[in-house]
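Remarks on the structure that follows.
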Amino acid sequence: MFVDAHCHIDLHPDPQRILESVIRARLQVIAVTTTPAAFKGSVRYTDLANGVLPALGMHPELVGTRKGDMAQFAKYLNQVTWVGEVGLDGSDRFRSSWNDQIAVFEQILEECTIAGGKVLSIHSRASATSVLDLLRKKPDAGSFVFHWFSGSLKELDLALDMDCFFSINDQMLHSKSGTTVARRVPLERILTESDAPFLKGKECETLAERIESTVKVLAELRGCSATRLCEQIYTNFCSLISRHTGST
Ligand code: MN
């Protein structure tokens, strides 16, 4: 069973078609969203019985324009086990909303703590140290999965010390820093992701084919069989879900 722990189904041109294709392929998907206001409409592109689970998000890139949507965050939180895409973005383009991003992410961590803990899919572009500082203050917010981690080696080791997970995508495996993450993270803390539709890749590939190819490359890097790695990733995914299912 292949796992896509970070996929924007609702941002595809034809989300219904993507949903049907992932169900057909039996891909296990976390369907992340980018604001609480979008969640209500996007949740229709999920299917609990078939392992396509919704995640409630507030993307740091949108905090500058959509932070008012956070008023609806608590309303939907009890409908999800996963929260994402959330986090911080310290790149120049989003620097102007930095203080708001911090306040929003703190609020999200607080709400998750009150809710008994969730699995968080976390964006940390140019901000891993700040993200880790906030996570350290809220250890009961849940389990933390760094999505497309691009921090330094030091930041990676700090995140590993805090028992964080990492979801790895195809594009990371074509970069030096991404390959370092893929080599260093213990196998029991690795997940796979597509970040579709934002990842560059061959047009013809389905999401399932893309994840399968990511697992293959990752297995070669780690010197283990793709079958064994696929099983391990599915085990990691299930254990994260079971840790936080039922908490309201
Ligand atoms: Mn994303």
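Read-outs throughout are calculated quantities, based only on the coordinates presented, and are distinct from any laboratory measurement. Computed from a prediction, not measured in an experiment: that's the story for all the values here. For neighbour counting, all protein chains shown are included, and Cβ atoms are generated from backbone atoms with ideal geometry for every residue, glycine included.
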Relative contact order (%) - the chain, alpha-carbon pairs under 8 angstrom, separation at least six: 20
Dipole moment magnitude, nearest 20 debye, the range 1-64 about Cα centre, only Lys, Arg, Asp, Glu C-beta charged: 160
FRET efficiency, 1/(1 + (r/R0)^6) with R0 25 Å, evaluated for T180 and D92 via beta carbons: 0.55
Length added when fully stretched, T65-E220, from 0.36 nm per residue minus Cα-Cα: 51.6 nm
Local electrostatic count, P54, Cβ distance below 14 Å [Lys/Arg +1, Asp/Glu -1]: 0
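Could you work out the local net charge near Q72, counting Lys and Arg as +1, Asp and Glu as -1, over the other residues with Cβ closer than 15 Å to its Cβ?
Surrounding charge for Q72 is +2.
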Antiparallel %, DSSP beta bridges [both residues in the chain], to 5: 5
Environment charge at A226 (Cβ cut-off 9 Å; Lys +1, Arg +1, Asp -1, Glu -1): 0
Förster-model FRET efficiency, 30 Å R0, Q171 and Y234, C-beta, rounded to 0.05: 0.85
Label-point gap, in nm, between L48 and T245 - each point 7 angstrom along Cα→Cβ: 1.0
Mean Cβ count within 10 Å, highest first, over the residues of peptides 50-60, 136-146: 50-60, 136-146
Residues whose placed amide H lies under 5 Å from that of I168, excluding near-sequence neighbours: L191, T192, E193
Mean-position separation - Cα centroids, the range 1-59 and the range 65-82, in angstrom: 16
222 nm mean residue ellipticity, helices alone, for the chain (DSSP H n ≥ 4; -39,500 (n - 2.57); rounded to 500): -13000 deg cm²/dmol
Residue among E61, E220, E106 with the largest mean-square fluctuation in a Gaussian network model of the chain, springs linking Cα atoms under 10 Å: E220
Most mobile listed residue (I211, I168, I23) in the chain, GNM with C-alpha springs under 10 Å: I23
Cα radius of gyration and Dmax for the chain (Å): 16.5, 47
